[in-house]
Amino acid sequence: MNKIAKGFCIQKKEKITPGSGKSVTSNTAVVDFELPTLKEGEILAKTLYTGICGSDNSACLGKSNFDWVERPRIIGHEFSAEVLKLGPGDHGDLKVGDIFTPLAMLGCQDVECPACSVAKWNLCPGKQIIGFHRNGGFGQQVVLESDRVVNFIEGLTPEQGALVEPLSVVVNALNSKCHIKPGDDVVVTGCGIIGLMSAELAKAAGARVAITGIEHDRDIRMKTATERGFIPIIVSPENTLTDQLANGIVDSNGIPFGAHGKVDLLIECSGVPQVLTEAINVVRPEGDICVIATYPKEVAINATHLTRTSLNMRGSMGSCREDYMVAQKLMVTGVFPAEHYTNLYDFENINQAFEDSIKANNVKAVVKMN
Ligand SMILES: [Zn+2]
Ligand SMILES: [Zn+2]
């Protein structure tokens, strides 16, 4: 019989609305599961730290955009792990004991694939996401392809390793989709970890940064944002970002932020359709909008306004190996201070970690797996 490990598993896809009284973890369970026999090119690893992603939460809540995930599935695509065993085949320099983080997305690697042929697995139509297409990092052990292993650079801790994937997504977006210049005024919409990471990297690039959240975020996520030096903007249907910018926002030194109610760049990380609709109103002509979020439905945009203001609106999907390398460096050098953003949970408290994340009662939940 194959080896058995414990893992956090999504089993059902019943739609759950947080706050409806139904437990947000009623679709999930901690289970014993069987590890598959290693195939050519695969390795067995012991997970160290695994982060909870917004997409994990969506899958747990049975949201329709994650219907395609087969159940039961051990989720988790943001993790650090240690190699326990190499399967048959060539694994390059990889050896037992190496600590790594996996590329969340594995491309088809067909030479004819337009994305894979330029090493952009994140854009491959046949990409396989660990934790969704196969069991992932919320198992105490995991089997994966050694092709997707990214070895740690010196100085990176296993705890930081759980944040490499989300940070790499922000690196990809900010590197190639945003034109941040020193002195720019940047607003980040949404104060989840992708929003907070975007704010940190925009600040590091010399911008002045504001970040939006809702009333519920005030005591935890927006508090962290304020402590990190970002201008907090609590928005509501009665007090929108557009209105607040038009009425005048100042930074902590009292200096006006966003000339004429407009910013140079908006980075959309909320996934709320209305926020993207509103985004084009608050960016100056020829300014940039970078969209990292995904949406539960189609979003209405005033396209004529987009044309008349010559805005650049760009999407950014996932990340590739080079972004993981940059993300590691940003953590080791302290440019992204992971310790300000991590809420650690032990594996015994994994249900609590998910409940807190789904209710936005933490900044970034990371589970110590073993
Ligand atoms: Zn993710
Ligand atoms: Zn491909």
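The values are calculated or read from the model by the stated rules, or taken from the named source; none is laboratory data. It should be emphasised that the depicted structure is a prediction, and the values quoted were computed from it without experimental measurement. Cβ sites come from the backbone with ideal geometry, for glycine too, and all protein chains shown count toward neighbours. Accessible surface is based on the protein model in full, side chains and every heavy atom, while ligands, DNA and RNA are left aside. Shrake-Rupley method; radii C 1.70, N 1.55, O 1.52, S 1.80 Å.
Relative to one another, the C-alpha centroids of segment 288-345 and segment 222-269 are positioned 18 Å apart. For residue 297, a cut-off of 29 angstrom between C-alpha atoms picks up these lysines, skipping any fewer than 8 places away in its own chain: 12, 13, 15, 22, 63, 120, 127, 177, 262, 359, 364. Ranked from largest, the principal axis spans of the Cα set of segment 119-210 equal 46, 33, 25 Å.
For residue 49, the amide hydrogen comes within under 5 Å of the amide hydrogens of 80, 369, counting only partners 5 or more places away or on other chains and with H modelled in the peptide plane. Taking every alpha-carbon pair under 8 Å whose residues sit at least 6 apart, segment 25-169 reaches a relative contact order of 33 percent.
Ordering 272, 167, 343 by Cα displacement along the dipole of the chain toward the positive end leaves 272 in first place; charges were set at the Cβ atoms of Lys, Arg (+1) and Asp, Glu (-1).
Nonpolar atom fraction for the chain, defined as the carbon and sulfur part of the 1.4 Å probe accessible area, stands at 51 percent.
Ligands, DNA and RNA are left out, and with a 1.4 angstrom probe the accessible area of segment 223-309 is 53 Å² per residue. Loop exposure criterion: GluC sites (Glu not before Pro), DSSP state outside H, G, I, E and B, at most 11 other Cβ atoms within 10 Å. Applied to the chain, the longest stretch between such sites is 155-237. Axis of helix 164-176 versus longest Cα principal axis of the chain: the two differ by about 40°, to the nearest ten degrees. Once C-alpha pairs closer than 8 Å and six or more residues apart are averaged by separation and normalised to the residue number of the chain, the relative contact order reads 18 percent. Rounded, prolate or oblate, given the Cα gyration tensor of segment 1-133, with a/c below 1.5 counting as rounded? Since a/c reaches 1.5 but b/c is at least a/b, the shape of segment 1-133 is classed as oblate. Once divided by 2.2 N^0.38 Å, the Cα radius of gyration of segment 1-59 becomes 1.44. The charge dipole of the chain, taken about its Cα centre with unit charges on the Cβ atoms of Lys, Arg (+1), Asp and Glu (-1) only, comes to about 400 debye.
Taking the longest Cα principal axis of the chain as reference, the axis of helix 193-204 is set at about 60 degrees. Under the simplified labelling scheme, the residue 109-residue 151 pair shows an inter-label distance of 1.7 nm, with each label point 7 Å from Cα along Cα→Cβ. Taken along its principal axes, the alpha carbon cloud of segment 176-256 reaches lengths of 33, 26, 25 Å, longest axis first.
The calculated Kirkwood hydrodynamic radius for segment 89-145 is 12.7 Å, given to one decimal from all distinct C-alpha pairs. Of all lysines in the structure, the ones whose alpha carbon falls short of 20 Å from that of residue 6, not counting any fewer than 8 places away in one chain, are 46, 85, 368.
The trypsin sites (Lys or Arg not before Pro) of segment 293-347 that meet both conditions, a loop assignment by DSSP and at most 10 other Cβ atoms within 10 Å of the site Cβ, are 297. Based on the convex hull around the alpha carbon atoms, the chain presents an average projected area of 18.8 nm². Roughly how many Å is it from the Cα centre of segment 30-80 to that of segment 163-177, as a whole number? Spelled out, the Cα-based centre of one part sits 21 Å from the other.
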